[in-house]
Amino acid sequence: MSAVGIRVRDLGFTYPDGTVALEAITFEIAAGESVAVVGGNGAGKSTLLLHLAGILMAARGSVDVGVTRVQRATLTEVRKTVGLVFQDPDDQLFMPTVREDVAFGPLNLGVRPDEIDARVQEALGAVGALALIDRPSHRLSFGEKRAAAIATVLSMRPGVLVLDEPSSNLDPRARRRLIDLLRSLGTTLVVATHDLDLAAEVCPRTIVLYGGRVAADGTTPAIFSDKRLLERTGLEQPLSMRACPVCSRGA
Amino acid sequence: MSSTETGLYDLGRLDLLAAQDTPIHRVDPRAKIIATMVFVVVVASFGRYEVVALLPFLLFPVSLAALGNLPFGYLARRLAVAAPFALLVGIWNPLFDRRAMVFADHFVAGGWLSFASVAVRFLLTAAAVLVLVGSTGLSALGAALGRLGVPRVFTAQMLLLYRFLFVLAGEALTMHRAWSARTSSRRAMSLRSYAGLLGQLLVRTYARAARIHAAMQCRGFSGELPTTRSWRFTVRDGAFVVGWVAAFAALRLYDLPQLIGRQILAVLT
């Protein structure tokens, strides 16, 4: 599927216990754009992502994926378009083997049986996990589970790929592979992350959430250069943008 | 590693065994299901005091386990876990059934014979089902049951329940580790700690199951678990079913141990 844009208008959501998670969120993401959603714990990042995939429904305002308004009647269409990778890969993997897990989405989309295997191989190849194809999903290491979880969504060829903390608990090599993969995808990308270095490498644009509201929305270099904004929203500059203490001392 | 952790890891071993490639693994799951169902029905059809006539039926699970490279020790441990439930069913027989019966030229209370019969039947049927799962895998079994006409809602429930077992086990393992890390002595968990842990386990498992369900919905889940496997029922699979059903019928009609005993006696006298 070709890349699809997203429009969020005045989105608000309150959890049943009264916690206001999102308030008047408004932004647009163009088709093919890569956007990082950053913010401290409880800023509303995960709740926002769940709205993009139609897992949570807007209590106030609206979410549009391409020309489709996210609502109960359009969920099938929305889920064909938006691929959501959950924060914990154990939440994403539920079939007995990696092959069946990666095939699950395409099979539900009605992809022809003779095309399924090619999609599974392609998706696992993209995340460097082809060797895991016949392994039981629940017996993988965390990094392997993460790779398989991303493959389960890639095999659906979504127009929008939404990832919640994709680099958490990954070792440096797996994280580098993930960054290279995300940069190569060419789909619309929304990445909620605490890993600001990953955001700086993958996403030219960043949205900062704070207390369920959009605190800032701009180019990633501009956002990450604003130390006062970062401090106010519970963040800090990515390591890659800070002066190296060793080099600075020598200068 | 604690016995709890070992037990939880052991839980997933059937999946690894099912992923092997042996002649038994290559048999169409439908053929194995049909043969196992006939086996269970035939074993159940024996009289309540039959013990020795049942023993030749061990051939089915033992040969399949051997050809399917399923470790006997592992199967025995799995059977031992379920054995108390079966033995509980038959343990009252010696108390209530005291009629005198002849067994191997000795008088024995009928209750002991029926108890032994229950135990042998449990061993045979449970071993056969364990070998079926270990040589096929639960997902292939689910798909095969669907093709045999079992409603998809049941096969989906079975597969999800199996997945939920690992969710539950995973959460239990994490909580057990957290408990162990903060327990200075080797003493057993107090009843109060158990109650707290069980409550937490329920809440955490429910929350995780909800997240898994959300992930399934994101990928188009609508109540059915599709499968990638496409089995073809070949002549070899047909021969597997016909061969075993014929063997079961022969063993049901002729008391093989008795026939062998008579032959031996005839030779000796």
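What follows is calculated from the coordinates using simple rules that are stated; it is not laboratory data. Fair warning: this is a prediction, and the values are worked out from it, not measured in the lab. Cβ coordinates were reconstructed from backbone atoms using ideal geometry, including for glycine residues, and neighbour counts include every protein chain displayed.
Listed by first and then second residue, the pairs with beta-carbon distance under 8 Å, at least 6 apart or on different chains, first residue in the stretch B:209-229 and under 18 Å from A:Ser155 (Cα atoms) and within 7 Å of chain A (Cβ to nearest Cβ), second surrounded by fewer than 17 Cβ atoms within 10 Å (Cβ to Cβ) and among the β-branched types (Val, Ile, Thr), are B:Gly220/A:Thr76. Scanning the stretch A:46-61 for residues that are closer than 13 Å to A:Gly212 by Cβ, in a helix (DSSP H, G or I) and of a type outside the set (S, T, N, Q) turns up A:Leu48, A:His51.
For the stretch B:132-161, residues that are within 19 Å of B:Ile24 (Cβ to Cβ) and in contact with a Ser or Thr (Cβ under 9 Å, 6 or more places away or on another chain) total 10. From the residues in the stretch A:13-29 that are in contact (Cβ under 8 Å) with a residue 60 or more places away in the chain and small (Gly, Ala, Ser), which one is surrounded by the most Cβ atoms within 10 Å (Cβ to Cβ)? For the stretch A:13-29, the residue satisfying everything is A:Ala21. Report yes if B:Val89 is surrounded by 18 or more Cβ atoms within 10 Å (Cβ to Cβ), β-branched (Val, Ile, Thr), away from chain A (no Cβ under 14 Å) and more than 30 Å from B:Phe233 (Cβ to Cβ), otherwise no. No.
Considering only the stretch A:88-99, I want to know if a residue exists there that is more than 7 Å from chain B (Cβ to nearest Cβ), surrounded by fewer than 17 Cβ atoms within 10 Å (Cβ to Cβ) and part of a helix (DSSP H, G or I). Within the stretch A:88-99 (the criterion being more than 7 Å from chain B (Cβ to nearest Cβ), surrounded by fewer than 17 Cβ atoms within 10 Å (Cβ to Cβ) and part of a helix (DSSP H, G or I)), the answer is no, since none of the residues qualifies.
May I ask you to say which residue of A:Ala149, A:Ala118 is out of contact with any His (no Cβ under 7 Å at 6 or more places or on another chain), within 13 Å of another protein chain (Cβ to nearest Cβ) and over 18 Å from A:Val85 (Cα atoms)? None of the other options fit; the residue is A:Ala118.
Looking across B:Thr183, B:Thr174, one residue alone is loosely packed, with under 13 Cβ neighbours inside 10 Å, more than 23 Å from the chain's Cα centre (by Cα), part of a helix (DSSP H, G or I) and hydroxyl-bearing (Ser, Thr, Tyr). It is B:Thr174.
Within the stretch A:156-167, the set of residues being touching a residue at least 40 places away in the same chain (Cβ under 8 Å) and farther than 16 Å from A:Gly186 by Cβ comprises A:Asp164, A:Glu165, A:Pro166.
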